[in-house]
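Reviewing the structure listed below.
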Amino acid sequence: MAQLAKQDPTMQVPSRLVQRLLLSLFGCSTGVAALGIWIVSGVAADPVMLMIKLGVSLLMLIIGLSCLMLARE
């Protein structure tokens, strides 16, 4: 069975497919959440809170885009 997996590269496709699916799902969800922080806002325009929201949303956007780029490889 081990030699069959070495000869046939399609035997390893399902695990890579699941990994790509999970990375894509996580990347899209963090990107939507980064935008959702700004759309669904119930907090007043406190400058400190706006900076925290900006930092969190940029971090989530970078992580989401990184996951999407890893899923493409």
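Some values worked out for this structure:
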read-out	value
Cβ-derived FRET efficiency at R0 22 Å, F26 paired with E73, nearest 0.05	0.90
Stretchable slack from L58 to I37, in nm (0.36 nm times residue separation minus alpha-carbon distance)	6.5 nm
Accessible area (Å², 1.4 Å probe, nearest 10) - V56	60
Exposure of L59 as accessible area (Å², to 10), given a probe of 1.4 Å and all protein chains	110
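The values are calculated or read from the model by the stated rules, or taken from the named source; none is laboratory data. Quick caveat: nothing in here was measured; it's all calculated off a predicted structure. In this analysis, Cβ positions are derived from the backbone assuming ideal geometry, glycine residues included, and neighbour counts consider all displayed protein chains. Accessible surface areas use protein heavy atoms only, side chains included; no ligands, DNA or RNA. Shrake-Rupley method; radii C 1.70, N 1.55, O 1.52, S 1.80 Å.
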